[in-house]
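Please read the structure below before turning to the comments.
The values are calculated or read from the model by the stated rules, or taken from the named source; none is laboratory data. These numbers were taken from a predicted model, which means no experiment stands behind them. Every residue, glycine among them, receives a Cβ derived from its backbone with ideal geometry; neighbour counts consider all protein chains shown. Only protein heavy atoms, including side chains, enter the accessible area calculation; ligands, DNA and RNA are left aside. Shrake-Rupley method; radii C 1.70, N 1.55, O 1.52, S 1.80 Å.
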Amino acid sequence: MSTLTPGTASCAGPFSDQEMDAWRGLLVAYAQITQALDAQMHAEHGLSVSAYEVLMFLGDCPEHRMRMAEIAQRVLLSRSGLTRLVDRLVELGYVTRCAAESDGRGFYAQLTELGTEKLEAARQTHRDGVRRFFLDHLNVTDQIAMGDIWKRFLQSTKP
């Protein structure tokens with residue numbers, strides 16, 4: 001199996017109809033699903049999807065903390081956007097910041113008890129939204145196929 005790496009293409013010409021449908025479909029579906037999830041999370045928990053994701057990543061880590069650089073790699077925000085988001089989560093009492101003990105240069109974000117409570121309250125809403133706005137539109141065969149496609153895609157784009 002050949003893999004594509006960034007900067008290579010299987011065809012240099014214009015996009016075919018199916019290529020354009022696949023690309024635009026991904027963009028539109030992502031935008032619509034994210035907007036719907038964001039509205040639901042704001043309405044029910046006062047959190048953006050990005051804020052929920054930060055809490056989720058922290059909640060799923062040992063000691064409920066991660067380096068800011070690691071969080072930045074996982075969320076779809078710029079470093080400055082992540083910094084502002086974490087600042088807001090700190091103000092709300094959901095996260096604290098602490099210096100890395102090993103090297104003093106890096107910072108950790110750590111989930112607080114209040115943040116853990118907020119995460120648990122929002123987790124089911126997020127799951128329900130993902131199912132309602134995305135998974136319920138796919139049958140099991142579609143879900144398996146999409147999962148396989150994304151695994152293959154992600155493996156082919158690893159540095």
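Worth a mention:
- Ligands, DNA and RNA left out, the 1.4 Å accessible surface of the chain is 56% carbon and sulfur atoms.
- Taking all protein chains together and a 1.4 Å probe, the residues Val54, Val28 rank Val28, Val54 from largest to smallest accessible area.
- According to the Cα-based calculation, Rg over Rh for the chain is 1.03, with Rh computed by the Kirkwood formula.
- Accessible surface, per residue, of the stretch 14-159 when the full set of protein chains is kept, probe 1.4 Å, Å²: 65
- When only the Cβ of Lys, Arg, Asp and Glu is charged (+1, +1, -1, -1), the dipole of the chain relative to its Cα centre reaches about 340 debye.
- Our estimate of slack between Ser16 and Ser80, defined as 0.36 nm per intervening residue step minus the Cα-Cα distance, is 19.3 nm.
- Probe 1.4 Å - accessible area at Glu19, Å² to nearest ten: 70
- Whether the stretch 115-159 is rounded, prolate or oblate, judged on the alpha carbon gyration tensor where a/c under 1.5 counts as rounded: oblate
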